[in-house]
Every structure is written in structure tokens, then in C-alpha cells.
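Reading through the C-alpha cells given below for one structure.
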Amino acid sequence: MNNSDEVSRRSIPTADSRRVEPVLIDTSEVARLLSMSTSWVYREASKLGLKGYKLGRGRNAKVLYKKTDVLKWLEQQKIY
């Protein structure tokens, strides 16, 4: 195998390098990102300006949040 073969193989993207970041994340992921509990997220999200998207009905409805909104809010909490 010559050097050109090695270079061409390295430039081919693998499945891991093409991973797509999610646009919406669920409440447990928000809680993990903020190092808080899921109950805290449910209780405080609207106060923080994080708008949820409810999918489904009743108790089993799933609430999703825009990941960019969560990260933006987190960045605003930075102490300078």
C-alpha cells in the first residue's frame, strides 16, 4: 500500500464523523446538560424562557426543547 492509498482512505468519512446533532432534545437531556433534575426542568423551563414542544397527549406526552435555545440560555448564565 502506498501513501496515496492511505490518504484516500483517511479522507472517507465514517459513520461516526457524519453524525447529525439533534435539533430537539427531551427533558432528560436538558436536565443532563444543565446538571439539574427533570422535575426542575419541567417546573422552571417556562420561567427561563425555554419553550417546550409537546408531542402527544395526556401523561405520556413527550416535551422536547430546541437544543440551541437551551445552550443559548446556558451561555447567558455565564459569570464574567
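The values are calculated or read from the model by the stated rules, or taken from the named source; none is laboratory data. Keep in mind that this is a model prediction, so the values were computed, not measured. Cβ coordinates were reconstructed from backbone atoms using ideal geometry, including for glycine residues, and neighbour counts include every protein chain displayed. Areas reflect the complete protein model, heavy atoms only, side chains present, ligands, DNA and RNA absent. Shrake-Rupley method; radii C 1.70, N 1.55, O 1.52, S 1.80 Å.
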- Name the residues in the range 46-77 that are over 15 Å from the mean Cα position of the chain (by Cα) and open to solvent by less than 100 Å² (accessible area, probe 1.4 Å), would you? 46, 48, 49, 55, 56, 58, 61, 77
- Subset of the range 42-60, residues touching a helix residue (DSSP H, G or I) at 6+ places or on another chain (Cβ under 9 Å) and of a type in the set (Ser, Thr, Tyr), comes to 42
- Restricting attention to the range 57-80, which residues are more than 13 Å from residue 25 (Cα to Cα) and either of a type in the set (A, V, I, L, M) or touching a strand residue (DSSP E or B) at 6+ places or on another chain (Cβ under 6 Å) (or both)? 61, 74, 79
- Query: Among the residues of the range 23-45, how many are under 14 Å from the mean Cα position of the chain (by Cα) and of a type outside the set (A, V, I, L, M, F, W, C)?
  - Reply: 6
